[in-house]
Amino acid sequence: MKVTIDTTIFRDYDIRGIYPEQINENTFYIIGRAIASYIAGNKIAAGRDMRLSSPSLFKSLTSGILDQGVNVVDLGMISTEMLYFASGKYDFTGSVIISASHNPADYNGIKIVKQGALPLHGYYGLPQIKELAVKQNFPNPKNKGSISNFSIIDDWTAHALSFIKIDSLSSLRIVIDAGNGMGGISWQKLMNILPIKIIPLYFEPDGHFPHHLPDPIKKENITDLQKEILQKKADLGFALDGDADRLFVLDEKGQILSGTVTSAILAASMLEKYGPGPVLYNTVCGKIVPQTVKKLGGRALRVRVGHSFIKEQMRKTKALFAGEHSGHFYFRDNFYADSSLIAGLILLEYISKKNISLSEIVKSFDKYPQSGEINYKVKSADEILAGIENSFAGTCFIDHIDGLSVWYKDWWFNLRASKTESYVRLNIEADNKTILAKQTGRLESLMQKLGGTHA
């Protein structure tokens with residue numbers, strides 16, 4: 001019997017939906033057959049996160065792969081950063097993880113990469129898999145595939161540690177909040193290896209998310225971490241998202257660093273260690289990132305938001321590092337993939353070498369006030385972007401690398417459409433707070449006139 005597939009679960013970067021309304025065991029079985037049919041080869045690695053629906057969805061997905069005559073290597077419970085490592089390190093034709101990252105507990109999904117940590121996305125791979133899943137005209141192979149187990153945690157942590165010199169670390173105290181997601185398993189492995197005092201918060205993977213959602217971008221999800229940093233007099237804190245591909249950093253005062261500042265610090269660390277080279281940053285990152293890169297002899301390249309675009313450009317330019325405002329940090333020697341663990345280790349090494357507090361380090365990077373991301377609900381993103389551009393035309397420099405970016409001498413902004421919702425996202429940066437307040441008010445008035453409302 002043909003299974004009805006809700007095609008809206010196929011997103012720009014992954015497959016994701018609400019369980020069991022949008023996705024369920026039947027859809028995952030069909031998607032497993034579609035993945036195996038699309039990815040040429042005889043061995044696909046598969047892992048899963050801690051979500052309550054992940055075990056049964058994993059069983060259905062891998063059953064579909066096996067029924068297409070393709071072997072499965074079961075990686076067990078892993079993070080997305082571990083999946084990328086496995087794809088780059090071993091000879092799997094394809095690798096998949098069942099995960100919905102930072103989303104609420106009733107969500108789940110699939111991320112897919114081909115060998116070498118090459119991501120499938122809305123312009124490559126996912127449309128073909130969607131078509132195969134909808135049609136369901138799968139050939140029936142003579143033999144089923146077989147499944148085997150393989151643990152990568154030791155190889156993964158050894159790989160991450162290769163980015164630093166352990167003896168260069170000082171005896172820092174750090175609180176790490178894994179939010180009951182998958183990030184705690186890697187840091188737990190390092191607790192007796194590093195000369196750093198790691199104070200764990202919610203390391204136990206738990207799909208109930210009993211303390212808070214593993215979504216550090218929302219302020220209410222870092223309050224426990226902030227309290228623990230102050231109570232334990234820690235030197236800094238890390239907040240991880242559910243599948244551990246993003247890192248958020250807090251200083252010893254419990255103040256969160258922007259993705260721009262963290263990107264600039266990581267860029268400085270990488271360039272000081274490896275010498276001049278290309279560094280990528282997305283269109284929402286602030287001016288301090290390219291300024292830092294150029295100061296250290298690197299070549300700063302501005303690119304679109306989104307991991308698939310960034311990884312493609314990193315490969316083309318052989319970029320040493322790439323940073324996003326959203327907490328994704330990518331490394332050439334990590335198969336051009338993002339990793340919260342590697343980013344965290346590099347930051348710890350950088351702070352140790354500077355031998356001053358993180359808040360003091362931040363002062364030299366946090367020079368330009370930013371609005372943060374302001375979301376507006378709109379009927380037509382295209383009409384809003386066109387209307388805003390018309391309001392500024394002829395008075396400034398404009399580019400369309402990703403949405404609309406408008407540049408003045410002492411301030412700039414980026415406005416881009418959401419990939420998944422009827423929103424536009426506004427980010428503003430200025431040389432001082434007075435200019436920022438003035439121009440934020442100006443843009444908010446324009447957005448309201450054009451029909452946008454605060455989300």
Problem - Residue that is nearest to R51 (Cα to Cα), among those in segment 224-249 that are buried (at least 24 other Cβ atoms within 10 Å of the Cβ) and free of Cβ contacts under 8 Å to residues at least 60 places away in the same chain - result: L225
Handout entry: strands (runs of 3 or more DSSP E) contained in segment 327-411 and holding at least 2 residues in contact with a Lys or Arg (Cβ under 9 Å, 6 or more places away or on another chain)
Key = 329-331, 374-377, 404-407
Completion exercise
Of the residues in segment 101-116 that are among the hydrophobic types (A, V, I, L, M, F, W, C) and buried (at least 21 other Cβ atoms within 10 Å of the Cβ), the one that is nearest to S162 (Cα to Cα) is V113
Exercise for the section: Name the residue, out of L250, L230, L271, that is closer than 27 Å to A117 by Cα and outside the structural domain of I401 (by TED's automatic domain parsing). Expected result: L271
Handout entry: Checklist (1) surrounded by fewer than 20 Cβ atoms within 10 Å (Cβ to Cβ); (2) more than 15 Å from N71 (Cβ to Cβ); (3) out of contact with any helix residue (DSSP H, G or I) (no Cβ under 6 Å at 6 or more places or on another chain); (4) in contact (Cβ under 8 Å) with a residue 12 or more places away in the chain applied to V3, failing item
Key = (3)
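Here's the yes/no breakdown for (1) of a type in the set (F, W, Y); (2) touching a strand residue (DSSP E or B) at 6+ places or on another chain (Cβ under 7 Å):
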| site | (1), (2) |
| --- | --- |
| D6 | no, yes |
| Y13 | yes, yes |
| I18 | no, yes |
| Q22 | no, no |
| T27 | no, no |
| I30 | no, no |
| R33 | no, no |
| I39 | no, yes |
| I44 | no, yes |
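With the condition being acidic (D, E), I'd like the helices (runs of 4 or more DSSP H) fully within segment 220-324 carrying at least 2 qualifying residues.
223-231
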Exercise for the section: Please find, within segment 159-193, the residue that is nearest to the chain's Cα centre (by Cα) out of those that are in a loop (DSSP other than H, G, I, E, B) and surrounded by fewer than 17 Cβ atoms within 10 Å (Cβ to Cβ). Expected result: S162
Exercise for the section: Considering each residue of segment 171-191, count those that are basic (K, R) and within 18 Å of M82 (Cα to Cα), and give that number. Expected result: 1
Practice task
Keeping to segment 56-100, report how many residues are under 23 Å from the mean Cα position of the chain (by Cα), crowded, with 21+ Cβ neighbours inside 10 Å and of a type in the set (A, V, I, L, M).
Solution key: 10
Completion exercise
Note on segment 365-395: residues surrounded by 14 or more Cβ atoms within 10 Å (Cβ to Cβ) and without any contact (Cβ under 8 Å) to a residue 40 or more places away in the chain are S380, L385, E389, F392
Fill in the blank from the handout: K419 passes all but one of the listed conditions (1) in a loop (DSSP other than H, G, I, E, B); (2) in contact with a strand residue (DSSP E or B) (Cβ under 8 Å, 6 or more places away or on another chain); the exception is number (2)
Practice task
Please go through segment 324-354 and pick out each residue that is under 17 Å from A239 (Cα atoms) and in contact with a Gly (Cβ under 7 Å, 6 or more places away or on another chain).
Solution key: E324, H325, S326, G327, F329, S340
Practice task
Would you point out which residue out of E444, E421 is surrounded by fewer than 19 Cβ atoms within 10 Å (Cβ to Cβ), over 27 Å from L301 (Cβ atoms) and at pLDDT 95 or above?
Solution key: E444
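Condition first: over 18 Å from A386 (Cα atoms) and not basic (K, R). Now tell me which residues in segment 405-427 satisfy that. Show your work before the answer.
Applying the first criterion (over 18 Å from A386 (Cα atoms)) to segment 405-427 yields 408-411, 420-421.
If the condition is that a residue be over 18 Å from A386 (Cα atoms) and not basic (K, R), then Y408, D410, W411, T420, E421 are the ones that fit.
The values are calculated or read from the model by the stated rules, or taken from the named source; none is laboratory data. The model shown is predicted, which means the values in this text are computed figures rather than measured ones. Backbone-built Cβ (ideal geometry, glycine too); neighbour counts: all protein chains shown.
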